[in-house]
């Protein structure tokens, strides 16, 4: 196993280089030119003058876009090795700062969301699997699917309207991640204030995943419950609870573990819709704005971080597979 | 199982059969579509404008309802109702108190507060409050009034603009403001290592900026230009002693914490939360009454409206549908006043027809297109009547705009006639007009492109598409992501485009309309070429007698109206609500001026 | 053995029989079939043009054929002012998905417009009916592509292991990290005319990684099992083992994934049309109605409710079908 892990880690390096190279090429070859965007070349003023072309050239040089692609990539890669992500085209701040500003709140919201999703979905999945086919199972299914079908922006607006906007109840704030003047709060007060603010966004991000996650849990569990060794355990007279939690659960977790791999990169992702509606300054909005403005340094930085997380997530889930299920062997 | 299927099918047939309908109207020849398949050139039936006109005619006529039930208001009625009580006379008390906090709203963070490198609108707004320009327009007369410059002279050859600066202006850290700051700022703008391509381009014809003494600045131009004075007057300086510290200008921290000389002082900027300004007690001029202004950053419009209704936000710009529906509710009528005005720095929308394409090279076709866009219908319905159709390229309150020109009406019959005259007829009978161009038969099929997310553009396009179909023209609608869209536009690679142009009080149509600006060199993206227009534009550029210039531009307006290189669409007013606790809000022609506002002591 | 069953039953015949024994799954399949029929017969369900028209003594079928003399006819007006002696048979929803009525835009559901109208006054029910064509195609085809690629690559990687697994796993990792949005931008820039095929292709091409990983994991688990080892010992070729023996056991998570994938395709299509990459206007799709709903949440609840209901039906039906399939295919459940 240890050999396997080391091999995988070694493989990560060329894979990462490959991923970043592909991303670099595609991003820069796609239509849209950050220089023209920034200089508002669609606008009236820029092109009307004799010096416009020269100005665009100067701007290109300023942004480092005058060198050909095959020169730009190694430069970028070199800087990456010392963790220098460059400066943003839009506000000239180091990309590290820009991302670091938004990282904590993004992590908080995503971690909380994943945690809640699992804590709720797994028991529901087990419940459904054990009572598969009964009325209760069907009712739960229908409720979950209704939840899944509700578009997130609709849920967000409804929650705000009824719980936050002041038209009905004003239990939650309308947006933002902290109250004004919260810098002077004590630690506990600040945490409570933060939680109060992110409750609604977290809820909106999480509700849709109950359906999927619990479905995977349920189907995995049902697989297991059909197995012979479960029948044996029951025949032996073991209490049902014991059978489920001690024997069945461990094995039915396998598909859920695969999902974990996909969740690691989503830790730094974010829903642009939710972040806009609730005014959460997260990485989702940043990524989106960077793409629209063709802010290459920020785009590349986020793509790289996501790739690293994805690779680690995949490795982690592969390892967990082997740990959880002795039938799986890597050789 | 099989039985069930048969029963089902039978039921379906019966259900559908119940929808049969018989004719009740007596025969009228004008209504019948031509039923003669033998004709080789079928005259396409001109769809009548009757249905749309009926909708517009009597408000409420389209919505008959049983007696006793309130008919829902038509959009035009809603619009008219929403204007009731708008722009009220300002409330002025006997005693005006200073103090209080005014909360406004931005929908996103500015990218920078550096007046030289900053590009976006919100950055400009903040800078306007934090740093003064040399002079500024009066919001009613549009004349320039002194600010940092107390007086100025223009040389007779219009190449030298001399500004005499006030000697009592201090930067907000106490250091006096001098002409050296102006020169420093200009040098930074012209520095290729500074990220200011737009500003640099703006001053491209300025040969030099010099400071003969501490309180005098001279702008020297390479050639005379009627916009020379506004360009210089709107100059916003930065402080040399703040920026010239060896740190790179683009990433200088003062770009996020500006030190200005204007009526408000920057306090702090919490990213994605708010920007706070406080009154500059050392301001040389008339100080504003309100001591603190906070700009809350709220990306979502609906959330912003909710925050306004709960008293958190005092001043808010709203969309037309919010203006008409949401703020008509009691809570808004009770707590807010509403204002609408056509901002001098607003915009207008248009559909541009690329004259390089065979279809749109002919003026008659372009005019036909204009006749097929039901502008009045869109204005009354989709925009609730809260817009004006424009006929030209100038700000509607500018003397350059000719209000006597009436927009071409929606007239599908006339459009069909024009297309026929231009020899676009359905020769091959497939329902789409065609024409012989360079020996080949070309079908009248084109693509209408616009930036994705532009809802009005999309709606206009879909309406036009429907009308065109009836007129025998096929139009495809193509939304494009902004950056991709810009590329296509710049390369002239499109058939029809819809977009808008920003306006200013005074404008030079050269960039948009002169034939030298076609192609990569300019913004004449539709390749408009007209010798008379060219000469009018050139003359106006160096005509310093305002009255004569207005006359020239009126001539230009007439040419544009005749040629229809664009189908001009609308200019929409700014719609704002201001909390009633803010007094002395005067609805000026051009904008609202927050400098005059105050909040009475008991409401602070 | 006194076995009265016919001696020869094909594998898929067995599967079908098992499937038919589950009423919920069959019901869901029936619902999907109806949906497909609605999509196919949309012109006869919602259109301005009559199904049958008798005019001037002649019979026409405007919904089905395109007639020269009626090419530019405004059907809504024509039917309104029908002349004496003429007769029409209209579809149940007598308006088309593209007929605008700007004076009546965003009106609530009523007798005239059962599901209300959109921002240009078009009938939402008609647009939902015609939109089913887009949404079904995008869903089926996109997920079909994704599942196909995912199963093949995942199975091969999981079964053979070793170098093949290493290569395929790396490919999966690269595709997971691919900048999808830019790929779409490039595709859009290169194609002359926007069509839903590109949309389906884009969604499918990036959606297969999840399926591949599931399948790979299941194969890793199952290849060491007795039945698989036995099959190898018996000399069965690798492909047969993969698809005939192991795959049916590995399908469970794939089916769940496919279910949500189809509904997810609708949501993806909605997001893409909001950005301008969806089906070009004025074509209706459930996703485009949904993206419109975003602007009018509080005022026009019907714009959210009906696509939302459509998503719900899709997810429910496909999930039930998937489960029925899974149960039918499961060898352990055979009597």
Exercise for review: Pop the C-beta distance of residue B:361 and residue C:299 into the FRET formula with R0 = 35 Å and round what comes out to the nearest 0.05.
Suggested key: 0.20
Revision key, fill the gap. Under 11 Å by backbone N from the virtual spin label 7 Å along Cα-to-Cβ at residue B:584, the residues of region B:283-312 are B:287-290
Practice item. Evaluate the distance, in nm, between pseudo-label points positioned 7 Å from the Cα of residue C:163 and of residue A:319 along their respective Cα→Cβ axes. Key: 2.8 nm
Exercise for review: Report, in whole Å, the centroid distance computed from the Cα atoms of region A:56-105 and region B:196-225.
Suggested key: 33 Å
Check your understanding: With springs only between Cα atoms under 10 Å, which of A:302, A:101, A:275 fluctuates most in a Gaussian network model of chain A?
Key -> A:101
Review point. If eta is 1.002 mPa s and T is 20 °C, what Stokes-Einstein diffusion coefficient results for region A:95-324, Kirkwood Rh from Cα pairs, in µm²/s?
Key: 107 µm²/s
Check your understanding: Taking chain A as a Gaussian network, where each spring joins two C-alpha atoms under 10 Å apart, which residue of A:307, A:208, A:233 fluctuates the most?
Key -> A:233
Exercise for review: Could you work out how far the C-alpha centroid of region C:219-257 sits from that of region B:372-419, in angstrom?
Suggested key: 70 Å
**Study point:** residue A:4-residue C:20 FRET efficiency (beta carbon distance; Förster radius 60 Å; 0.05 resolution)
**Key:** 0.85
Point to revise | Likely footprinting exposure, C:216, B:357, A:294, B:119, fewest C-beta neighbours within 10 Å first | key: B:357, B:119, A:294, C:216
Review point. Spin-label point model (7 Å from Cα, Cβ direction): what's the residue A:327 to residue B:168 distance in nm?
Key: 9.0 nm
Point to revise | Added length on full extension, which subtracts the Cα-Cα distance from 0.36 nm per residue, residue C:64 to residue C:148 | key: 26.7 nm
Practice item. Quick one: compute the contact order of chain B, relative version, from alpha carbon pairs under 8 angstrom and 6+ residues apart, as a percent. Key: 20 percent
Check your understanding: Can you tell which of A:206, A:97, A:304 shows the greatest fluctuation in a Gaussian network model of chain A with Cα springs below 10 Å?
Key -> A:97
Exercise for review: Kindly state, to the nearest 0.05, the FRET efficiency for residue C:201 paired with residue B:175, given R0 = 35 Å and r defined as their beta-carbon distance.
Suggested key: 0.05
Practice item. Using Cα centres only, tell me the gap between region C:30-72 and region C:109-137 in whole Å. Key: 17 Å
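Considering all projection directions equally, how large on average is the shadow of the alpha-carbon convex hull of chain B, in square nanometres?
Directional mean of the projected Cα hull area for chain B stands at 38.4 nm².
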Practice item. Using just the helices of the protein assembly as shown, give the 222 nm mean residue ellipticity in deg cm²/dmol: DSSP H runs with n ≥ 4 each add -39,500 (n - 2.57), and the total is spread over all residues, rounded to 500. Key: -15000 deg cm²/dmol
Revision key, fill the gap. Going from the fewest other Cβ atoms within 10 Å to the most, one would list C:100, B:460 as C:100, B:460
Practice item. Sort the following peptides by mean Cβ neighbour count (other Cβ atoms within 10 Å, averaged over residues), highest first: B:561-571, A:116-126. Key: B:561-571, A:116-126
Point to revise | Likely footprinting exposure, B:214, B:95, fewest C-beta neighbours within 10 Å first | key: B:95, B:214
Review point. How much length is gained if the chain between residue A:142 and residue A:100 is pulled fully straight, taking 0.36 nm per residue apart and subtracting their Cα-Cα distance, in nm to one decimal?
Key: 11.0 nm
**Study point:** Simple label model, 7 Å out from Cα along Cβ direction - residue A:196 to residue C:114, nm
**Key:** 4.9 nm
**Study point:** Relative contact order (%) - criterion: Cα under 8 Å, at least six apart; region: region A:95-324
**Key:** 28 percent
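Throughout, read-outs are computed from the coordinates displayed, never taken from laboratory work. Nothing here was measured: the structure is a model prediction, and the numbers come from that model. Glycine also receives a Cβ, built like all others from the backbone with ideal geometry; neighbour counts cover every protein chain displayed.
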